[in-house]
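In what follows, a single structure is set out as C-alpha cells and then discussed.
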Amino acid sequence: MELEKFVDPLPIPEVLIPHERMGSKTYYEVTMKECYQKLHRDLPPTRLYGYNGSFPGPTFEVKKHELIAVKWLNKLPDRHFLPIDHTIHDNHHVDGVKTVVHLHGAKTPADSDGYPEAWFTKDFKETGPYFKSEISEYPNDQDATALWYHDHAMAITRLNIYAGLVGLYFIRDREEQSLNLPKKEYEIPLFIQDKSFREDGSLLYPRQPNNNTSVNLPDPSIIPSFCGDTILVNGKVWPYAEVEPRKYRFRILNGSNRRIYELYFDSGLIFQQIGSDGGLLNHPVKAQSLTIAPAERCDVIVDFSNIEGKTITLKNRLGCGAQEADSDRDAYIMQFRVLKPLKSKDMSTIPKVLRKRPYFDKQQVHTIRKLTLGANSDQYGRPVFLLNNKRWSDPVTEKPGLGKTEIWSIINTGRGIHPIHLHLVQFRILDSRPFDMDRFRENRELVFTGPATPPPPNERGLKDTVKVPPRSVTRIMANFSPYSGKYVWHCHILEHEDYDMMRPLDIIKTHHR
Ligand code: C2O
Ligand code: CU
Ligand code: CU
C-alpha cells in the first residue's frame, strides 16, 4: 500500500512518572494493554499492544545507582492477534498472552531479568516454570546509556515486539552531565522499526513463509525472518521533524525484527558518534554512515547549523537480506527540516574526550569458548537456526563463573549475519577473522584465510550486541558479573531467537573469587 512520506511529525514518547518514591526505591507501575494508534495520516488506527497503551512505550529516565522497582501488569486480551506457531518449544495453548519484560543491556539480578520461561499471562493467572516475582528490580549500577525494555516471552518474542511491546530506558550519570552535550528538546530518541500494513491499517505478519509450497507446514508456521516494507520512527511511518540550525543529540535504536540499517544523510551531513550500547565512547567518531543491527544503539550528534532552510533526508542503504534498499520504500527513514528559528546560541559542545576511564580493569582470561552459529532443518523441512548446534531445551553448556572473564570465539558457519546478544554483560569486541568454511564443515578444522581485523572505531566501546558476519570468527571478551543465576544469550533476529537460536547462560557462584 502506498503511504505518502514525511506527512506526520516525529512524536517523542512520554517520560514515565514514578508511582511513588519509597525510601531508597523508586516505584513504577506499567500496564500492557491493547491499544489503537494512528501510525500514519492516511492509515486507520492500528491495533497494537503497548506498555501503558502506547507504542513505543513510555521512556524511563533514571540515575546511575538509583534502585527502581517496576510492577509490570498484563491486561492484554485473551487471544493474541498475531499468528502463534504452537509447534515450536511445546508452545502449548494458554488463555491470554504470555509476556515477560526484559531490560536489554542492563545489569539486572537474574530474578528480574525477564527469563523467557518466567512469563505470565493476564493478572498473573498463569505463569511459566521460572516465574519468580510480580515486581522487577533494576539497580542501575552501570554507566549512563540508552537501554530498551521489550517483551521476551518464550517462542512469541517476535510477535510481542512486533505488536508494540517496546520502550526506551535512559540511565544518566555525572560524567555524562558534565559534558555539555545537547540536552532537553535537543536530545531526541529515534526508535526505528519496520512494519507492514493491510489496507484497513492492521498489522501484517505472515502466517506462513511466503514461498510455502509444502502442504505439511503447520498453520500458523514460524517464518525464517521478517522484514516490514514500511519504516517507522517513534511509532510514525516515515515522519519528519522540524529542527533549529544547531547541534542535536540523537539516541538511535534499531527495534526491528530482523532488518539491519545503514543510515546516512542524503545531503552528506555526518554523524559524530559519541556512544554505543553500553555508554560513552572514549572519543567521538565521525561517520558518513552508521550500520545498526537489531537491538543495537548509537548515540550521535548531528550539527544542522549552516544549513538553515534546508530539508535533508535520513536514508537507508540496506534492503532486507542481501538485497539493496528499494528506492521507493525501505531506502527512507525520515526527514529533517531546518526551519525552526534558532532559539538561543548553541552552547553545547562535542568534547574531544568523552570518557576518561578504561572500559575494563585489567583482567585475567579464565575461559575461552568456541561457539558456532549455524542452521539445521526440522521435521517439516523448515530451517532451525542454532547456537553450537544445540536447542534451547538441551542441557546448559555456557556456565561462566561469577566474576570471571571469558573470551567467546563466535564462529559463523552460515550465509547471513547474526546480531548476537548476551544478557547481564557489556562486553568488548576483540576482532573478526575470515576462515575456510569447507575445511570447517569437513572436520571442524578452523583454518583462517586472512588476518584478524579489529572492530571499527565506533564499536570499540561497551557493547551488548555484536554483528557476527558470515564465514568469520568474531571474538568478544566479557566479565560475567555482578550477579549469578539464570540468564540467556541469543541472536537478536527475533525469528531466530524464537526458533531456536537462544541458549541458557548460567552464571555460577564459585568458591574462590
Ligand atoms: Cu533485547 Cu534477550 O534481548
Ligand atoms: Cu538483553
Ligand atoms: Cu540469527
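The values are calculated or read from the model by the stated rules, or taken from the named source; none is laboratory data. Model, not experiment: these values are computed from the prediction. Cβ coordinates were reconstructed from backbone atoms using ideal geometry, including for glycine residues, and neighbour counts include every protein chain displayed. Remember, those area values only see protein heavy atoms, side chains included, never the ligands or the DNA or RNA. Shrake-Rupley method; radii C 1.70, N 1.55, O 1.52, S 1.80 Å.
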Dividing the alpha-carbon radius of gyration of the chain by 2.2 N^0.38 Å, where N counts its residues, gives 0.93
Take each of the peptides 109-121, 193-205, 12-24, average the number of other beta-carbon atoms within 10 Å over its residues, and list them starting from the highest.
-> 109-121, 193-205, 12-24
In the chain, taking the dipole from +1 charges on Lys and Arg beta carbons and -1 charges on Asp and Glu beta carbons about the Cα centre, the listed residue (Ser305, Asn52, Val101) farthest towards the positive end is Ser305
May I ask you to compute the full-extension gain from Arg441 to Glu242, defined as 0.36 nm times their residue separation minus their alpha-carbon distance, rounded to one decimal in nm?
-> 66.3 nm
For the range 123-266, the spread of Cα positions along each principal axis, largest first, Å | 61, 46, 26
Note: Gln364 to Lys399 extended length (0.36 nm per residue) minus current alpha-carbon separation gives 10.9 nm
So for the pair Asp78, Thr510, with labels modelled 7 Å out along Cα→Cβ, what separation do we get in nm?
-> 5.2
In straight Cα distance, which lysines are under 26 Å from Lys286, not counting same-chain residues fewer than 8 positions off?
-> Lys183, Lys184, Lys247, Lys310, Lys315, Lys340, Lys345, Lys352, Lys356, Lys463, Lys467
Protein accessible area in the range 58-139, 1.4 Å probe - carbon and sulfur % | 47
Rounded to the nearest 0.05, what FRET efficiency do Glu199 and Lys356 have when you use their Cβ-Cβ distance and R0 = 51 Å?
-> 0.40
For the chain, what is the relative contact order in percent, using Cα pairs closer than 8 Å and at least 6 residues apart in sequence?
-> 14
Expected 222 nm ellipticity per residue - DSSP helices of 4 or more, -39500 (n - 2.57), all of the chain, to 500 = -1000 deg cm²/dmol
Could you do me a favour and compute the accessible area per residue for the range 20-173, 1.4 Å probe, result in Å²?
-> 35
Please give the direction-averaged projected area of the C-alpha convex hull for the range 184-337, in square nanometres with one decimal.
-> 11.2
Give me the compactness ratio for the range 407-491, meaning the Cα radius of gyration over 2.2 N^0.38 Å.
-> 1.15
Given the C-alpha centroids of the range 271-305 and the range 31-77, what is the distance between them in whole angstrom?
-> 26
Between Asn180 and Asp141, 0.36 nm times their residue separation minus their Cα-Cα distance comes to what?
-> 11.8 nm
Sum up the charges of everything whose Cβ sits under 10 Å from the Cβ of Ser289, counting Lys and Arg as +1 and Asp and Glu as -1, but leave Ser289 out.
-> +1
For Lys71, Lys184, what's the largest-to-smallest order of accessible area, 1.4 Å probe?
-> Lys184, Lys71
Just how large is the dipole of the range 365-507 about the Cα centre, in debye to the nearest 20, putting +1 at every Lys and Arg Cβ and -1 at every Asp and Glu Cβ?
-> 300
Note down the relative contact order for the range 20-173 as a percent, whole number, built from C-alpha pairs under 8 angstrom at least six residues apart.
-> 29
Rg/Rg_ref, the range 340-416, where Rg_ref = 2.2 N^0.38 Å and atoms are Cα = 1.97
Please say if the range 49-190 is rounded, prolate or oblate, where rounded means a/c under 1.5 for a ≥ b ≥ c the square roots of the C-alpha gyration tensor eigenvalues, and otherwise the choice is prolate for a/b larger than b/c and oblate otherwise?
-> prolate
Within the range 49-77: backbone nitrogen closer than 12 Å to the Tyr27 label point (7 Å, Cα to C-beta) | 69-71
By the rule of no other cysteine beta carbon under 4.7 Å, the lone cysteines of the chain are Cys35, Cys298, Cys491
Calculated P(r) of the range 365-507 - Cα pairs past 22 Å, % = 37
Using label points projected 7 Å from each Cα along Cα→Cβ, tell me how many nm separate Glu66 and Glu126, to one decimal.
-> 3.8
Three-way shape call for the range 121-194 based on the alpha-carbon gyration tensor, with the a/c threshold at 1.5 = oblate
